[in-house]
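A short reminder: the numbers here are calculations on the coordinates, not readings from a lab. Small disclaimer: the values here were computed from a predicted structure and weren't measured. Cβ placement follows ideal geometry from the backbone for every residue including glycine, while neighbour counts extend to all protein chains displayed.
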Amino acid sequence: MASIAIVGAGMAGLTALQALKQQGHHVTVFDKSRGSGGRLASKKVGNASWDMGAQFMRSHTDAFAQQLQQWQQQGWIEPWPVAPWVIDSAGARPSPDEVERFVSVNRMTALSRQLVACADEFATSTRIVRCQHDQQQWYLHDDEQQCHGPFDALIVNLPPAQAQPLLGDSPQLQQQCQVEMLPCWTLLLAFEQPLDTAIDAAFVKHGAIGWLARNNSKPQRDAHETWVIQANHHWSQQRLEHPRELVQQELTTAFAQALQLQIPRATEQWLHRWLYAIAAEPLQRGALSDPQRRLSVCGDWCHSGAIEGAWLSGRQAGNDINTFLE
Ligand SMILES: Cc1cc2nc3c(=O)[nH]c(=O)nc-3n(C[C@H](O)[C@H](O)[C@H](O)COP(=O)(O)OP(=O)(O)OC[C@H]3O[C@@H](n4cnc5c(N)ncnc54)[C@H](O)[C@@H]3O)c2cc1C
């Protein structure tokens, strides 16, 4: 039984964890946040809650379709039978499609809580700032000068800009962390009464917004009227350093325009800036692995983007490390 560290408890790292535990390894997961999930994030303010990052899961591959089916059987995810609209300069129109969308219940983070449960140790609020390879072992240093290890193998599951500084002991992999990640300003609003619209979710093709959704139209959410408004990446990039009040104001106005409604005063609100929301051009490489050092780097940006890409990348990283340890 080998001892393995995973830095980053996002979908990719947690998928690698499943593969490593199947081989009986001892696995420690580290994350800088207070919990797991990364961009599978949820937010609670007062008595309102929202999915703040990823909105739903869908599959393009048989492997991920099977995984979704299994999670559904386990009761961890449910279909979200939403019929999204399209809103563009010509107005709003229903645009039903054949896509099967799934969400974890009762919030997106919940799936990560199920997945991380098999870790031998889960060190939260632990930001790793250095990964040191010494005499065939890995030692991890956190920002409070604690050293963790030794570990026989290491998986790094972070966005590229955050992974790069940790990979100084594997210059080849370090050089490959050059993928551009696009930002996303996200506004969360809660209201006293349901908004008077037939739209539960929409892809918005003009103006500031890229996606909007009534969060409480998802299964097993509480009835509180809550909306997620995600700016498009181009708009977000242009306003990356703008004052938060201004961004919030512009997004609220764009939301009213998109739904053609007078938006009442929100009872709760939250604005979040995702600096690394999605990869502009994912590497289509699975995972990046260094057999000599028993190191693998994974994340959506290494594969094909989105939750499915993260899952495929994490599966590859876990399988690579299992092979290196044989
Ligand atoms: C606004 C938004 C909407 C999205 N919508 C969808 C959608 O509808 N459907 C879909 O499929 N995908 C969507 N995505 C993309 C999806 O969320 C990601 O592709 C996927 O969750 C990425 O998983 P990951 O494991 O690659 O990385 P992450 O989830 O980013 O995980 C990385 C982890 O590393 C941790 N970390 C970072 N630095 C350190 C450090 N130094 N030490 C320790 N831990 C560290 C972070 O806290 C995080 O938990 C969306 C993303 C965003 C932001």
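Across the range 77-143, Cα pairs under 8 Å and at least six residues apart give a relative contact order of 21 percent. Each peptide in 99-109, 114-124 gets a packing score, the mean of other Cβ atoms within 10 Å over its residues, and the list from highest to lowest is 99-109, 114-124.
Consider a paramagnetic label point 7 Å from the Cα of Q193 along Cα→Cβ; state which residues of the range 263-296 have an amide N under 16 Å from it. 263-267, by backbone N distance to the label point.
So what are the range 78-174's ellipsoid semi-axes, whole angstrom, largest first, if each one is the square root of 5 times an eigenvalue of the alpha-carbon gyration tensor?
Numbers: eigenvalues 342, 70, 29 Å².
In descending order, the three semi-axes are 41, 19, 12 Å.
For the range 1-53, the alpha-carbon coordinates run over 45, 17, 14 Å along the three principal axes, in decreasing order. Averaging the sequence gap over all C-alpha pairs within less than 8 Å and six or more residues apart, then dividing by the number of residues, gives the range 116-229 a relative contact order of 16 percent. Give the cross-link partners of K218 among the lysines, using a straight C-alpha distance below 23 Å as the criterion and excluding same-chain residues fewer than 8 apart. Within reach: K43, K44, K205.
Can you give the local net charge around H224? Use residues other than it whose beta-carbon is closer than 10 angstrom to its beta-carbon, Lys and Arg +1, Asp and Glu -1. Please list the in-between numbers first.
Numbers: positive: R221; negative: E192, D222, E225, E268.
Residues near H224 contribute -3 overall.
Within the range 4-146, antiparallel bridges make up roughly 70 percent of the DSSP beta bridges whose residues both belong there.
Where the convex hull is taken over the Cα atoms of the range 119-252, what is its projected area averaged over directions, in nm²? Can you show the working numbers first?
Working: hull surface 50.0 nm².
Over every viewing direction, the Cα hull of the range 119-252 projects on average to 12.5 nm².
Once Rh for the chain is found with the Kirkwood sum over Cα pairs, what is the Stokes-Einstein diffusion coefficient at 20 °C and 1.002 mPa s, in µm²/s? Answer from the Stokes-Einstein relation: 104 µm²/s.
Counting pairwise Cα distances across the range 224-264, what percent come out greater than 17 angstrom?
On the way: 273 of 820 pairs.
Counting every Cα pair in the range 224-264, those more than 17 Å apart make up 33 percent.
Would you calculate, for the chain, the mean residue ellipticity at 222 nm contributed by helices, counting each DSSP H stretch of 4 or more residues as -39,500 (n - 2.57) and dividing by all residues, to the nearest 500?
-7500 deg cm²/dmol
All C-alpha to C-alpha distances of the range 123-166, sorted into 10 Å bins beginning at zero, yield P(r) values of 27, 59, 14 percent in whole numbers. With both residues required to sit in the chain, DSSP beta bridges show an antiparallel share near 70%. In this structure, the amide hydrogen of W80, modeled 1.01 Å from its nitrogen in the peptide plane, lies closer than 5 angstrom to those of R101, F102, V103, counting only residues at least 5 positions away or on a different chain. For the range 235-241, the Karplus equation 6.51 cos²θ - 1.76 cosθ + 1.60, evaluated at θ = phi - 60°, returns couplings of 4, 4, 4, 5, 10, 3, 9 Hz by residue, with Gly and Pro reported as x.
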